[in-house]
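Some notes on the structure that comes next.
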Amino acid sequence: MTEHQPLFLRRRNRYVPVYAACLIYASLILYFLFQGGKTSFMLLVMATILGCYWLLGARNGIRKVTGARTFGSGANLSFSVGSSIPVHLEVRVPGWFPIPYIVVKDGVSRFGKPIRIHETVVSLDASRCAVVEYQIALHQRGSYQFIETSCQTRDLFGLFMQEGRFLEKQEIHVLPQTITIASWPASPYWRNMHHHDQVKSIHRRESTQMSGIREYVPGDRLSRIHWNATARTGELKSKQYEFEGIPRLIIALDCAAEAYASEEQFELAVSVAASLAEYGRKNKRQVNVVGIHSGLTIWSSDAVRAETRPYRKWLASVHLYSTQRNKSDESAWISSWMSHSELQRGGIVAWVGGEENLRQLSAATLLSQYGFFGNCFGVSDQTSGPTTNNQAQLARKGFDYIFVPELNQLPVRLGGQK
């Protein structure tokens, strides 16, 4: 029996020993009825005992197997690319039926496709338990799920195969590979923009640090009223907060399949976006991460700063989306962008996408209409760089084009040192 056979053939081959055993037992009954004698009786008794043994094994054997699995440190579910995770699997078989050995198959799948299958042979101890330990090497970013564990064995004569399965739903999130960015100097295109100071003043926002008390202005929220000062003076007083000097950093990851030539380019784009977010987080900047496809997936600055579990899961599981080329849909995301409470305050945009595609220029045009500026990162596994025409078009929109052929080139292309 091979794995390349159709499913119905494999199922039919599996029951061939059962059909043969039934045929032999029926022949022994007929032999005893028509022939009689001690020989036929002994053969029938022996066949009956074997039949009872096989039936008990089919009902009370390995089919009721259970198990428990632990991996890694037990609490951390997120790992980096290249990690090797130890897995501890404990198998329990209830009952008393003797089992000579167990073939245990366990492993993980990535985006629904099994990629790591570990197979080993174990035997039960006195408490009818067996322990399997192995390592899983994680070489790709993604969300990994443990597959259904299969336990197979055969009877003492090696004729009939018995199988039990159990599923313990567990996930492993492998975060994208990142690189340390020492510095990110301001682009010359930003410094030379005639409206740069105006945009910066518009995008300034108040921090959470209170700098003093001021007179109440009609329209102030109740949360801004300083009740202690109001009680002392008898007049409404409001809290005054300091303004943030550094604008917000908005990292937009293009998740449209048409923006990339291959899956490898998209993986590089995810690594670039994650590295930029890590740079902003370590420098205590307000950072938003946005995934752009047919809609928007927006992560707040609090989620990025705390690296919450949903945010890490999204970094591990984000994938390409197939979008239809529709001009009305290409600009639909900007309305959701501007309706978000944090994004509408403005900031510096880092658009990460494929090399020189129309979506970059379209996005830069839309964002510039609302006063946004920043960088467009074009990732590619080719050594050829961007064209001068594409750079000039993006520069007129206030966006500097940065070509990233490899992740280790990102700090150099940003103008800093690794």
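Scanning region 137-151 for residues that are surrounded by 19 or more Cβ atoms within 10 Å (Cβ to Cβ) and within 16 Å of the chain's Cα centre (by Cα) yields a count of 6.
Residues in region 112-170 that are within 24 Å of Lys64 (Cβ to Cβ), among the β-branched types (Val, Ile, Thr) and in contact (Cβ under 8 Å) with a residue 40 or more places away in the chain: Val131, Val132, Ile147, Thr149, Thr153. Scoring Ala363 on the criteria (1) within 21 Å of Ile181 (Cβ to Cβ); (2) at pLDDT 85 or above leaves a single failure, condition (1).
Could you please let me know if Val131 is more than 28 Å from the chain's Cα centre (by Cα), loosely packed, with under 13 Cβ neighbours inside 10 Å and under 17 Å from Ile85 (Cα atoms)? Taking the combined requirement at face value, the residue satisfies it. Scanning region 118-168 for residues that are of a type in the set (Val, Ile, Thr) and closer than 30 Å to Thr178 by Cα yields Ile136, Ile147. Of all residues in region 368-384, those being open to solvent by 40 Å² or more (accessible area, probe 1.4 Å) and either of a type in the set (Phe, Trp, Tyr) or at pLDDT below 85 (or both) number 5. For region 152-182, a residue qualifies if it is more than 25 Å from Glu90 (Cβ to Cβ), outside any loop (DSSP other than H, G, I, E, B) and of a type in the set (Ser, Thr, Tyr), but none of them does. Can you tell me how many residues within region 293-307 are open to solvent by less than 50 Å² (accessible area, probe 1.4 Å) and over 23 Å from Arg359 (Cα atoms)? So the count comes out to 4.
Condition check ((1) acidic (Asp, Glu); (2) open to solvent by less than 80 Å² (accessible area, probe 1.4 Å); (3) modelled with pLDDT under 75; (4) closer than 23 Å to Val121 by Cα) across all residues:
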residue	(1), (2), (3), (4)
Arg11	no, no, yes, no
Leu28	no, yes, no, no
Lys38	no, no, no, no
Leu44	no, yes, no, no
Ile49	no, no, no, no
Phe71	no, yes, no, yes
Gly74	no, yes, yes, no
Leu89	no, yes, no, yes
Val93	no, yes, no, yes
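Within region 97-120, the only residue that satisfies the criterion of being more than 17 Å from Val87 (Cβ to Cβ), hydrophobic (A, V, I, L, M, F, W, C) and surrounded by fewer than 15 Cβ atoms within 10 Å (Cβ to Cβ) is Phe111.
The values are calculated or read from the model by the stated rules, or taken from the named source; none is laboratory data. Quantities reported herein were computed from a predicted structural model and do not represent experimental measurements. Note that we place each Cβ from the backbone using ideal geometry, even for glycine, and neighbour counts take in every protein chain shown. Note: areas computed on protein heavy atoms with side chains; ligands, DNA, RNA excluded. Shrake-Rupley method; radii C 1.70, N 1.55, O 1.52, S 1.80 Å.
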